[in-house]
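Contents: one structure, followed by commentary.
The values are calculated or read from the model by the stated rules, or taken from the named source; none is laboratory data. These figures come from a predicted structure and were not determined experimentally. FYI the Cβ positions are ideal-geometry reconstructions off the backbone, even for glycines, and counts take in every protein chain you see. Quick note on the areas: whole protein, heavy atoms, side chains included, nothing else; ligands and nucleic acids left out. Shrake-Rupley method; radii C 1.70, N 1.55, O 1.52, S 1.80 Å.
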Amino acid sequence: MENSETKLWELVRGNLQLSLSSANFSTWIATTQAESITNSSAHIRVPNYMTKHYLETKFYQDILDAFSQIDHPIEKVVFSIGKVDKSAISRPNTTSTKPVEQKPSEEPIKTTTLNTPFQSKYNFSNFIVGSGNRLAFSAAQLVVEKPGSAYNPLFLYGPAGVGKTHLMWAINTEIHKLNPDARIVYVTSEQIISEFVQAIRKGEKFTNKYREVDVLLVDDMQFIAGAEKTQEEFFHTFNTLHQNNRQIVLCSDRPPKEIPTLEARLRSRFEWGMVADIQPPDLETRIAIVMQKAQDKGVNLDESVADLIARSAEMNIRELEGALTKVLGYCLAHNTELTFEVAEMALGDQSKQKKRVEVKDILQKTASYYNISYDEIMGTRRNKEIVLPRQIAMYFMRTELHLSFPIIAAKLGGRDHTTIMHGVKKLEKNIPNDSNLASDITKLKAEIF
C-alpha cells in the first residue's frame with residue numbers, strides 16, 4: 001500500500017507535468033522517488049548526478065511551487081543519489097494529458113514508442129467523448145482500423161488542453177495493440193527542427209530520419225512555421241510516407257490555413273485527409289472527465305463535487321486536472337474526507353469564478369432582451385428585429401462558449417455553418433462602428449455570463 005510520502009510526491013509530480021514541458025518532465029522529474037516528506041522539507045531520491053544538478057539549479061523553485069499548490073508548502077528540498085524503485089515511477093501517477101516525449105536519436109527510428117506506461121495509459125476507452133470532440137474521436141478510430149488509407153493525414157486542431165495529444169497517443173496505443181511490431185514515432189515539430197539543425201551542424205544527413213516508420217505522430221505542428229529548411233525536409237518526408245501508405249497524424253492549435261508562413265504545398269497536403277477540430281468540452285463532458293480522472297486515481301467522486309470542479313475550469317482539461325489534483329492534495333494534507341464543502345475550501349475563489357451557461361441560456365436571455373420569443377430566435381424568419389438578436393446569440397456561443405461554427409449551426413436547428421460564420425463576422429465588423437450595438441452586447445454579456 002502506498003505511503004503518504006509517495007502519494008504527496010505523485011500529486012507534486014502531477015502539477016509539475018502540467019507546468020513543465022513533456023521533455024523536461026520525462027527527463028528530470030519522472031525518474032525521481034520520494035524518500036521522506038515532512039511539514040518543512042522533502043527528501044527526494046534521484047538516479048544520477050546530472051538529474052540532481054538539474055533539479056537543484058533549474059527546477060528547484062518549480063518543485064517548491066508544486067508543493068504549495070497542493071497545500072503542503074515546504075521550505076527546502078534535498079536530493080540524494082540512489083537506486084530508484086522503478087515500480088514507484090512506472091505508475092500513471094500524473095494528471096497531465098501530455099505524454100512523455102522520446103529523446104532525440106541520431107539513428108533512424110525503428111522501434112515503437114510505446115515503451116513506457118506514461119504513454120500507454122492514453123487510449124480510446126478513457127477518452128471522454130462529447131459534442132466538441134466527437135468527429136475527431138471517430139476519425140481517430142477509423143485511422144486505427146485502416147491506417148494509411150482511411151484519413152491520411154489526420155490533422156487535429158484546437159486550443160491547448162482539450163485532448164489532442166490524448167487522441168494522438170490513443171491512436172498509438174490502439175495500433176500497437178493490433179500490431180506490436182508497428183514502427184510508431186511520436187515527435188514534436190520543435191524536436192524535428194532541433195534535430196535538423198543538429199544534423200546540419202554535424203554535417204550529417206537527415207534524409208531518412210522518419211521515412212522508415214509505419215506511423216508518424218507530430219505534435220505542435222504550428223511551430224514549424226517559419227522554419228523554411230525544415231519545412232522543405234518535412235515536405236519530402238510527408239510525400240515518402242504518404243506514397244507508401246504510412247499513416248501520418250498531425251496536431252496543431254489551429255487549422256492548416258491559419259498557420260502563418262506555412263508553405264502552400266504543405267498546407268494543401270495537410271488538408272488531403274481529414275481536418276478535425278476539438279473544442280473545449282461542455283459542462284456535462286467536463287463532469288465526466290473529472291469523474292474519470294478521479295476513478296483513475298482510485299477515488300470515488302461524488303457527482304456534486306465533480307460538478308463543482310468542472311465549473312471551476314471551462315476551457316482547458318489540464319486546468320480541470322489541476323483543480324482535481326488541488327482538491328485531492330488538500331484532503332491528503334489535512335487528513336480529511338472529500339466532501340463538497342471541503343472541495344469548496346480547497347478551490348477557494350476558483351470555485352466561484354464560473355457559472356453554468358448553456359446555449360439555451362444565451363438564446364433565452366438574448367430573445368428576452370430584444371422582446372422576441374425563444375421560438376422566433378430559433379426559427380427561420382429573417383426580419384431585422386430577429387436576425388440581429390440571433391447573430392448576437394451566435395456571437396456569444398462563438399466568443400464565450402468557444403463552440404465551432406458547425407456545432408453552433410447544429411444548436412440552432414441545423415443551419416448551414418457558413419451562414420453562422422458570415423453572421424458572426426458581420427457582427428464583429430459592426431461592433432466598433434455601432435455604439436448602441438456595443439452597449440447592448442456589453443449589457444447582455446454581463447447579464448448572461
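Calculate what fraction, in whole %, of the accessible area of segment 351-441 sits on carbon and sulfur atoms when a 1.4 Å probe is rolled over the protein chains.
Values: 2400 of 5120 Å².
Carbon and sulfur together cover 47 percent of it.
Find the Rg to Rh ratio for the chain, where Rh is the Kirkwood radius over alpha-carbon pairs and Rg uses the same atoms. Kindly include the intermediate steps, with their values, before the conclusion.
Details: Rg = 24.2 Å, Rh = 24.1 Å.
Radius of gyration over Kirkwood radius for the chain works out to 1.00.
Report for the chain the percent antiparallel among DSSP-assigned beta bridges with both residues inside it, nearest 5.
Numbers: 4 of 27 bridges.
If I count the DSSP bridges inside the chain, around 15 percent turn out antiparallel.
Relative to the present Cα-Cα distance, how much length would full extension add between N239 and T442 at 0.36 nm per residue of separation?
Working: separation 203, 0.36 × 203 = 73.08 nm, distance 4.97 nm.
Result for the pair: 68.1 nm of gain on full extension.
What net charge do the residues around I431 carry, taking every other residue with its C-beta under 14 Å from that of I431, with Lys and Arg at +1 and Asp and Glu at -1? Write out the running numbers ahead of the final one.
Working: positive: R398, K425, K426, K429, K443, K445; negative: E428, D434, D440.
Result for the local shell: +3.
How much of T285 can a 1.4 Å solvent probe reach, expressed as accessible area in Å² and rounded to 10?
Looks like 10 Å² after rounding.
Size of the dipole of the chain about the Cα centre, Lys and Arg at +1 and Asp and Glu at -1 on the beta carbon, nothing else charged, in debye to 20?
Numbers: 54 positive and 55 negative charges, 200 e Å.
Its charge dipole is roughly 960 debye.
Under unit Cβ charges (Lys, Arg +1; Asp, Glu -1), what dipole magnitude, rounded to 20 debye, does segment 209-324 have relative to its Cα centre? Each step should come with its number before you reach the end.
On the way: 14 positive and 21 negative charges, 96 e Å.
Dipole size: approximately 460 debye.
Quick check: residue separation of S19 and Y374 times 0.36 nm, minus the Cα distance between them. What number comes out in nm? Kindly include the intermediate steps, with their values, before the conclusion.
Values: separation 355, 0.36 × 355 = 127.80 nm, distance 4.37 nm.
Stretched fully, the S19-Y374 segment lengthens by 123.4 nm.
Once the principal axes of the Cα atoms of segment 121-161 are found, what is the range along each, listed largest first in whole angstroms?
Over segment 121-161, Cα extents along the principal axes are 27, 21, 19 Å.
From Cα pairs below 8 angstrom and at least 6 apart in sequence, can you work out the relative contact order of segment 273-383, rounded to a whole percent?
21
Tell me which of T237, N433, A367 sits at the most positive position along the dipole axis of the chain, charges placed on C-beta atoms (Lys, Arg +1; Asp, Glu -1).
T237
Using a cut-off of 15 Å between beta-carbons, work out the net charge of the residues near T336 (Lys and Arg +1, Asp and Glu -1, T336 not included). Could the numbers behind the result be given before it?
On the way: positive: K7, K326; negative: D71, D302, E337, E341, E344.
Combined, the nearby Lys, Arg, Asp and Glu give -3.
Is segment 187-295 rounded, prolate or oblate when judged by the Cα gyration tensor, a ≥ b ≥ c being the square roots of its eigenvalues, rounded requiring a/c under 1.5 and prolate requiring a/b larger than b/c? Let's see the in-between values first.
Details: a/c = 2.03, a/b = 1.86, b/c = 1.09.
It is prolate, given that a/c is not under 1.5 and a/b is the larger ratio.
What accessible area per residue comes out for the chain, rounded to a whole number of Å², with a 1.4 Å probe?
Working: 21020 Å² over 449 residues.
So the chain comes to 47 Å² accessible per residue, rounded to a whole number.
If we count every other residue with Cβ under 10 angstrom of I29's Cβ, Lys/Arg +1 and Asp/Glu -1, where does the sum land?
On the way: positive: R13; negative: D62.
It works out to a net charge of 0.
Using the structure shown, list the pairs from K297/K326; K164/K429; K146/K297; K360/K443 with a Cα-Cα distance above 24 Å, or answer none.
K164/K429; K146/K297
What is the spin-label model distance, in nm, from R381 to H53 if the labels are put 7 Å beyond Cα along the C-beta direction?
Result: 7.6 nm between the two label points.
Using a/c under 1.5 as the rounded threshold, could you call segment 247-379 rounded, prolate or oblate? The axes a ≥ b ≥ c are square roots of the C-alpha gyration tensor eigenvalues, and prolate needs a/b larger than b/c, oblate otherwise.
Details: a/c = 2.84, a/b = 1.29, b/c = 2.20.
In terms of gyration-tensor shape, oblate.
Starting from the Cα of K121, draw a straight line to each of the aspartates and glutamates and keep only those under 17 Å, dropping any in the same chain fewer than 8 residues away.
E10, E101, E174, D296, E321
I'd like to know which of L8, I200, S19 lies farthest towards the positive end of the charge dipole of the chain, counting +1 on Cβ of Lys and Arg and -1 on Cβ of Asp and Glu.
Farthest along the dipole direction, towards plus: I200.
Within segment 189-297, what whole-number % of the accessible surface is contributed by carbon and sulfur, with the 1.4 Å probe and all protein chains included in the calculation? List each step's numbers first, then the result.
On the way: 2180 of 4830 Å².
So the carbon and sulfur contribution to the accessible surface is 45 percent.
Take the alpha carbon gyration tensor of segment 165-244, find the square roots of its eigenvalues, order them as a ≥ b ≥ c, and report rounded if a/c is under 1.5; if not, report prolate when a/b exceeds b/c, else oblate.
In terms of gyration-tensor shape, prolate.
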